[in-house]
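S.K.: Please see the structure below; I have some questions.
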Amino acid sequence: MNILVANLGSTSFKFRLFRFGGAGAVTLLAKGGYERVTDYGQAIDDCLAELRAGGHVQSSADLHGVGFKTVLGRNLTGCVRADARVIAALDGFKEIAPAHNPPYALGIQRFQEKLPGVPLVALFETAFYQWVPEAATRYAVPQAWHEAGVRRYGFHGASHKFVAERSAELLGRADIAERVRQLYQNGPVPLAAGARPLRVISCHLGGSSSITGMRDGIAIGTSMGLSPQSGLPQNNRVGDLDSAAVPFVMKTLGLSLAEVERQMTKESGLLGLSGVGNDLRDVRAAAQQGNARAQLALDVFVQSARHWIGAFLLELGGCDALVFTAGIGENNPDLRAAICANLGDLGLQLDAAKNSALRGAEGEISAAGSRTRVFVIPANEELVVARETLRCISAR
Ligand code: AMP
């Protein structure tokens, strides 16, 4: 079975082609992408031509499904066929995710036109949070706001789900790994009587960052709320902000609402704090050369990560494993060390040498006696989308 995963940005189109064989074997056959895309229809044609030239598929008949990592939909989540209902749901929340929802709605429509016989599947980034207790999803807003959709949703679901499954495997908990694999088909299946609980905190730290607490493989809460510009400071997006800031700067700095939105989504986060750039490598290099604002940006990022880890540590009543994933989490030992500093009394201690040596690969970085084990698990969101796409198609 060949499953294509399409990653649609406002001006980009990236793809990966996976082949699923027997007994769960999966191979990445091809990956590629285009920047400065103005016509998704053309990009789809180019992608198919590339896959044909590579000898992977002869025609769309060799594609058994296409998966999309959609962000959030109004009144819709989970892993579902990407049909008119999905497009309407994306459209219904385009104001909340303006950079993500319109390209996906348009891209899915183009795929429907170009590949009429191929099943299309949407895996919402919010899907992993369907079982979060209601109290952790509510904002203290008037009921009408809540009914309009103002609540905490959570994002990076594919990434945190991968961490939930893989960390369970690394901790020898095949029962929980299997529970996570089945989650979108069967919901949280009961564990065997007497099974030990498993408490994991997953830190997806990258251009976009979030931290999720998970009990027995199921999310209990996450740092991102209504939109992907909440929680930790993002690369150029604001992260958590007191809502009073918006009317305040509109009145005192004379900014329009559109300009405030632009600055919160394009000129804030690590970029706004540091004044240097939105890539952590640049911020870190400037900090090392003595740039105080760049150092402050790193400190704010670390402080925020610790804030959320602390919240889930308390809510979970302890932590069996802390996991770092995504560009920053996988590649930046200094930041991992700063986030884990002085937690010995809470039972978490890094092995400094293992931590410094590990970049871009899976491994354990906690000290031998550490009660909380600490892992780096490289992000694998596309594989999650491909697997769920296959499962969704096969379930019919
Ligand atoms: P992502 O969104 O997961 O692709 O992560 C992007 C972020 O990861 C950027 O802020 C990069 O600075 C950071 N990053 C990626 N590769 C490295 C690396 N080799 N060393 C340090 N940071 C990295």
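S.K.: Just checking, which of ALA97, ALA122 is part of a strand (DSSP E or B) and of a type outside the set (D, E, K, R)?
M.R.: Values: ALA97 fails: part of a strand (DSSP E or B).
Answer to the check: ALA122.
S.K.: Suppose we keep only residues that are more than 22 Å from GLY318 (Cβ to Cβ) and more than 16 Å from the ligand (Cβ to nearest atom) within region 191-234. Which one would you say is least open to solvent (accessible area, probe 1.4 Å)?
M.R.: GLY225
S.K.: Could you give me the residue pairs with C-beta distances under 6 Å whose first residue belongs to region 119-140 and is open to solvent by less than 40 Å² (accessible area, probe 1.4 Å), whose second residue is in a strand (DSSP E or B) and aromatic (Phe, Trp, Tyr) wherever it lies, and which are 6+ apart or on separate chains?
M.R.: ALA122/PHE68
S.K.: Pairs, please: C-beta under 9 Å, at least 6 apart or cross-chain, first residue more than 18 Å from ASN380 (Cβ to Cβ) and open to solvent by 20 Å² or more (accessible area, probe 1.4 Å) and in region 1-26, second part of a strand (DSSP E or B) and of a type in the set (Lys, Arg)?
M.R.: Once the first residue is more than 18 Å from ASN380 (Cβ to Cβ) and open to solvent by 20 Å² or more (accessible area, probe 1.4 Å) and sits in region 1-26, its partners that are part of a strand (DSSP E or B) and of a type in the set (Lys, Arg) give MET1/ARG19.
S.K.: Tell me the residue from PHE312, PHE324 that is within 14 Å of the ligand (Cβ to nearest atom), modelled with pLDDT of 95 or more, of a type in the set (Phe, Trp, Tyr) and buried (at least 20 other Cβ atoms within 10 Å of the Cβ), please.
M.R.: PHE324
S.K.: Among the residues of region 241-272, how many are more than 23 Å from the chain's Cα centre (by Cα) and either in contact (Cβ under 8 Å) with a residue 12 or more places away in the chain or outside any loop (DSSP other than H, G, I, E, B) (or both)?
M.R.: Residues meeting the conditions: 12.
S.K.: Looking at (1) touching a helix residue (DSSP H, G or I) at 6+ places or on another chain (Cβ under 8 Å); (2) open to solvent by less than 40 Å² (accessible area, probe 1.4 Å); (3) under 30 Å from PHE20 (Cα atoms), which is the one condition that is false for LEU335?
M.R.: Here LEU335 meets the rest and fails (3).
S.K.: A follow-up question, please. Of everything in region 62-104 that's small (Gly, Ala, Ser) and more than 22 Å from TYR184 (Cα to Cα), which residue is surrounded by the most Cβ atoms within 10 Å (Cβ to Cβ)?
M.R.: ALA97
S.K.: Mind checking whether some residue in region 283-297 is closer than 26 Å to ARG166 by Cα and open to solvent by less than 50 Å² (accessible area, probe 1.4 Å)?
M.R.: No.
S.K.: Hey, another quick one. In contact with a Gly (Cβ under 6 Å, 6 or more places away or on another chain), in a loop (DSSP other than H, G, I, E, B) and either open to solvent by less than 60 Å² (accessible area, probe 1.4 Å) or away from the ligand (no atom under 16 Å from the Cβ) (or both), is that true of ARG237?
M.R.: Spelling it out, ARG237 is indeed in contact with a Gly (Cβ under 6 Å, 6 or more places away or on another chain), in a loop (DSSP other than H, G, I, E, B) and either open to solvent by less than 60 Å² (accessible area, probe 1.4 Å) or away from the ligand (no atom under 16 Å from the Cβ) (or both).
S.K.: Hey, another quick one. So which residues in region 340-361 are in a loop (DSSP other than H, G, I, E, B) and either open to solvent by 80 Å² or more (accessible area, probe 1.4 Å) or modelled with pLDDT of 95 or more (or both)? Walk me through how you get there before you give the answer.
M.R.: Step one: filter region 340-361 for residues in a loop (DSSP other than H, G, I, E, B), giving 340-343, 347-349, 351, 358-361.
Correct list: CYS340, ALA341, ASN342, LEU343, GLY347, LEU348, GLN349, ASP351, LEU358, ARG359, ALA361.
S.K.: Can GLU267 be described as farther than 27 Å from ARG281 by Cα, acidic (Asp, Glu) and either open to solvent by 40 Å² or more (accessible area, probe 1.4 Å) or touching a strand residue (DSSP E or B) at 6+ places or on another chain (Cβ under 6 Å) (or both)?
M.R.: So GLU267 fails the test.
S.K.: In region 330-357, what residues are within 13 Å of the ligand (Cβ to nearest atom) and either among the β-branched types (Val, Ile, Thr) or closer than 10 Å to VAL374 by Cβ (or both)?
M.R.: ARG336, the sole residue that qualifies.
The values are calculated or read from the model by the stated rules, or taken from the named source; none is laboratory data. Here the structure is a predicted model, which is why all the values come from computation and not from measurement. Note: ideal-geometry Cβ built from the backbone for every residue, glycine included; neighbour counts use all protein chains shown. Heads up: the accessible areas ignore ligands, DNA and RNA and are worked out on the full protein's heavy atoms, side chains in. Shrake-Rupley method; radii C 1.70, N 1.55, O 1.52, S 1.80 Å.
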